[in-house]
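Student: Take a look at this one; I'll ask things after.
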Amino acid sequence: MKNKLAYFTLFTLAFVACKNQKPATQGYQGQGKSAVVSTLSKPVQKQWKGIWTFNEDTTFFSNDFESGRLNGITSDGNNHYTALITAENTPVNVSPWYAFKVWSKTPKTITIKMTYQDSRSRYYPKISTDGENFTPLDSTNFTGINKGTGDFGIKAVPEMVEIKVAISEKPTYITAQELYGSTRVKSWIDSLTTKDYISTYEIGKSRENRAMNLMEVSNGVHKKAVMVISRQHPPEVTGFLAMKSFIETLSGDSPKAQKFRENYDLFVVPLMNPDGVDNGNWRHNMGGIDLNRDWQDFNQPETRSVRDFLVKKESEGYEFVFGADFHSTWDDIYYPIDTTITGEKGKIVFDWINNITKRLPQKHTNVKPSTDIKPTMVSRNYFYVNQNMPAIVFELGDNTPRDFLKEKGKVAAEELMDLLDNQN
Ligand SMILES: [Zn+2]
């Protein structure tokens, strides 16, 4: 009680002392200004892919599947293993992606110590036996090692973790987030193209020659359009899941969606970095570059393909009325462009955020408007500076509940359709 009272007194004093400043806000405050970096290709370490065998051929580990990442595994005896997770190249963001399968000829429980190259344990393990349905590892089977000292972000998570997993003959997937590799994303796109107003085509190739797939939602030729991209950063699956729900709502059967499609076309690149995703990269494409720093110099084929698409559509007379780039970070946050830059035209983004917030009061989400838009570097800035598009970076938390992500994507789509309808 004493502590609480002292804390309250301190807080009150601090509040009185700062009353002319903005009140303290809660939750994730967002990242600082991005440094200008070269986006010329750099060497990337491709991981060895295959199956590791232990204990006289009874226990197996594999990274040999789309989005797999396991750089090494050792057996320490007594069913204890140490896994090594390394990055595609460095320096790299602290987003150590991992994904591997493990199985055994006879059922048993094993312990795996997860270690990361110059990083910490950001992603809480997900478990699956079919590679499609994932659940977080039971917390009683999770132990942090060298726990973080900070309150938030990478400083708050353990350096390594030890997990206990029951394995059997059927492989168990252990992954940083749900698996959405290029094959699964393509089958999602294909499942939507059964509607006659949805089509898909390639707008280019990645560095490793994977398709840059674009989804077009259009029931006729309109000259106003919405642009959506996601997954520039491979591990950012929660951003992808919100985007998926957003797109399913905009292309759905509701009267609102039908009305939206009477006036607007929708262009979507759901997988901006197919090479990075399929190679299980932490952040970069196979040119070793953070694609969301390449929207000024366009040194990478993935960003170039979207730029060329937008330039082509502009030459056809298209006006882009809204652009969104979906990402994931420590918690949900919005990064719009400040209206001191965008003026009246950019107001729709803030109206949209306010409307979403009103409908989803259960989860507080900070808004961090940017005034730095040149050099463009990031997609949002390129969208605005070169295509005059009101645009946003829409970020979801790594651990945001999956049903809420889905709801947020849906609500965001509904509110956008209302605002665009008013503009029309
Ligand atoms: Zn990102």
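The values are calculated or read from the model by the stated rules, or taken from the named source; none is laboratory data. Source: prediction; values computed, not measured. Cβ sites come from the backbone with ideal geometry, for glycine too, and all protein chains shown count toward neighbours. These accessible areas exclude ligands, DNA and RNA; they are computed on the full protein's heavy atoms, side chains included. Shrake-Rupley method; radii C 1.70, N 1.55, O 1.52, S 1.80 Å.
Student: Only residues that are in a loop (DSSP other than H, G, I, E, B), closer than 26 Å to G153 by Cα and touching a residue at least 60 places away in the same chain (Cβ under 8 Å): list them for region 367-386, please.
Tutor: Answer for region 367-386, where residues must be in a loop (DSSP other than H, G, I, E, B), closer than 26 Å to G153 by Cα and touching a residue at least 60 places away in the same chain (Cβ under 8 Å): K368, D372, M377, V378.
Student: To continue, here is another question. Quick check on region 327-366: of everything there that is among the basic types (K, R) and part of a helix (DSSP H, G or I), which residue is farthest from the chain's Cα centre (by Cα)?
Tutor: Quick first cut of region 327-366, residues among the basic types (K, R) only: 345, 347, 358-359, 363.
Filter once more, keeping what is part of a helix (DSSP H, G or I): 345, 347, 358-359.
Details: K345: 27, K347: 25, K358: 24, R359: 23 Å.
Among those that are among the basic types (K, R) and part of a helix (DSSP H, G or I), it is K345.
Student: Of all residues in region 208-230, count the ones that are touching a Ser or Thr at 6+ places or on another chain (Cβ under 8 Å) and open to solvent by 50 Å² or more (accessible area, probe 1.4 Å).
Tutor: Looking only at that region, the number is 1.
Student: Can you confirm whether W352 is more than 23 Å from S254 (Cβ to Cβ) and either within 16 Å of the ligand (Cβ to nearest atom) or at pLDDT 95 or above (or both)?
Tutor: Here the answer is no, as W352 does not meet what is asked.
Student: In region 319-374, what residues are surrounded by fewer than 21 Cβ atoms within 10 Å (Cβ to Cβ), of a type in the set (A, V, I, L, M, F, W, C) and out of contact with any helix residue (DSSP H, G or I) (no Cβ under 7 Å at 6 or more places or on another chain)?
Tutor: Hits for region 319-374 are I341, I353.
Student: Kindly check whether there is at least one residue in region 214-222 that is touching a Leu at 6+ places or on another chain (Cβ under 9 Å), in contact (Cβ under 8 Å) with a residue 24 or more places away in the chain and within 22 Å of N285 (Cα to Cα).
Tutor: Among the residues of region 214-222, at least one is touching a Leu at 6+ places or on another chain (Cβ under 9 Å), in contact (Cβ under 8 Å) with a residue 24 or more places away in the chain and within 22 Å of N285 (Cα to Cα), which makes the answer yes.
Student: Another question, if that's okay. Take A412 and decide whether it is closer than 26 Å to S305 by Cα and small (G, A, S).
Tutor: Working: closer than 26 Å to S305 by Cα: no; small (G, A, S): yes.
Considered against the rule, which asks whether it is closer than 26 Å to S305 by Cα and small (G, A, S), A412 comes out as no.
Student: Can you name the residue in region 187-207 that is open to solvent by less than 60 Å² (accessible area, probe 1.4 Å) and touching a residue at least 60 places away in the same chain (Cβ under 8 Å) and is also farthest from the chain's Cα centre (by Cα) among such residues?
Tutor: Filtering region 187-207 for residues that are open to solvent by less than 60 Å² (accessible area, probe 1.4 Å) and touching a residue at least 60 places away in the same chain (Cβ under 8 Å), the one farthest from the chain's Cα centre (by Cα) comes out as Y197.
Student: Of F246, F240, F260, which residue is within 14 Å of the ligand (Cβ to nearest atom) and among the aromatic types (F, W, Y)? Step through it out loud before you land on a result.
Tutor: Details: F246 fails: within 14 Å of the ligand (Cβ to nearest atom); F260 fails: within 14 Å of the ligand (Cβ to nearest atom).
Just one listed residue meets the conditions, F240.
Student: May I ask you to list the residues in region 387-404 that are assigned to a loop (DSSP other than H, G, I, E, B) and away from the ligand (no atom under 16 Å from the Cβ)? If you could, list the steps in order and put the result at the bottom.
Tutor: To start, the set of residues in region 387-404 that are assigned to a loop (DSSP other than H, G, I, E, B) comprises 388-390, 398-401.
N388, M389, P390, P401 - these are the residues of region 387-404 that are assigned to a loop (DSSP other than H, G, I, E, B) and away from the ligand (no atom under 16 Å from the Cβ).
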